[in-house]
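K.L.:
Can you read through this structure? Questions will come right after.
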Amino acid sequence: MTAVPAAALAAVAAARVTMVIGGNDTGKTTLVAWLASELARRGHTVGVVDADLGQSDIGPPTTVGVGRVRAPIERLGQAETVALEFLGVTSPARCMHQAADAIARLALHALRTGCDRLLVDTCGLVEGDLGRALKRIKIERVAPDLVIALQRADECEPILSAYAGAGRPAIVRLPAAATTPRSAAARRRQRERMLTEHLAGAVPAAFDLTQFEVRSVPWGRGLAVVDLVDMLVGLDGRDGWTLGLGCISAVDIAKARLTIDTALDPARVSALAIGRERFPRA
């Protein structure tokens, strides 16, 4: 990756919480993995929140994940997964406030469980009213000490301008990495590959809905029963965090039962969260 100025690395080392923002294919995830490695080399235990719902490296798509880094890594997916939260969609535009709240919860969890430095990797939506609103909501919820903006030109400035002269968060601007932009189709294929890998080895399991807490994500209300087949489901453990995903393969209303294809042990599941994305079956 492009060399990071010593002053920027020093700022990250001094900050308890750092958030990285930038457009698609600007090198955010590569930078976060490198920073996590450098902090680990200095003896820090680093938490990394992966807030990119569609192109997740920590956890499958539709989730926000937090990982722990204690030694140098080459890519973000090598971080030790600490916790996941299923949001049920792959676009943050459909759940801005919920995504920001989930990021804040996972960040706090990482700090409370031994991480002394935290890096937050965000999605590439930064431009337009929606992008500005999304990033400002995330910054307000997480309250980072430092924001690093990767820019090709000045696309992040409308976001950063809200904090000019505020003192916190501090702002570091870096040039975007020279990467090859990926098309929407390529991103979709990558998302489908990741979901397929996550659900590899899934087998049908019957869930008696009278025995589990069942919730639909707020933006998934109004679904008809027939619409539930092939829908992704978050399977939560007793600690409230998401264990992994499943896919609804059958619905029996008379018996109040869902059949969910999953690679998880149903005995570990205490709650189900029905999302708004379908598993792309072959």
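K.L.:
If you count the DSSP beta bridges with both ends in region 15-127, what percent of them are antiparallel, to the nearest 5?
P.N.:
55
K.L.:
Also, quick follow-up: For the chain, place one equal point scatterer on every Cα, skip the solvent, and apply the Debye formula. What is log10 of I(q)/I(0) at q = 0.11, 0.17 Å⁻¹?
P.N.:
-0.63, -1.34
K.L.:
Looking at the chain, what % of its DSSP beta bridges pair antiparallel, to the nearest 5?
P.N.:
Taking every DSSP beta bridge with both residues in the chain, the antiparallel ones total about 60 percent.
K.L.:
Now for a separate question. Among bridges DSSP assigns within region 120-268, what percent are antiparallel (round to 5)?
P.N.:
In region 120-268, DSSP labels about 75 percent of beta bridges as antiparallel.
K.L.:
When ranked by the protection proxy of mean other Cβ atoms within 10 Å per residue, highest first, what sequence do the peptides 112-119, 180-187 form?
P.N.:
Top of the packing list down: 112-119, 180-187.
Bear in mind that the values in this text are calculations on the coordinates, not laboratory data. In this text the structure is predicted, and so the values were computed from the model without any measurement. A quick note on method: Cβ atoms are made from the backbone with ideal geometry, for glycine too, and the neighbour counts reach across all protein chains shown.
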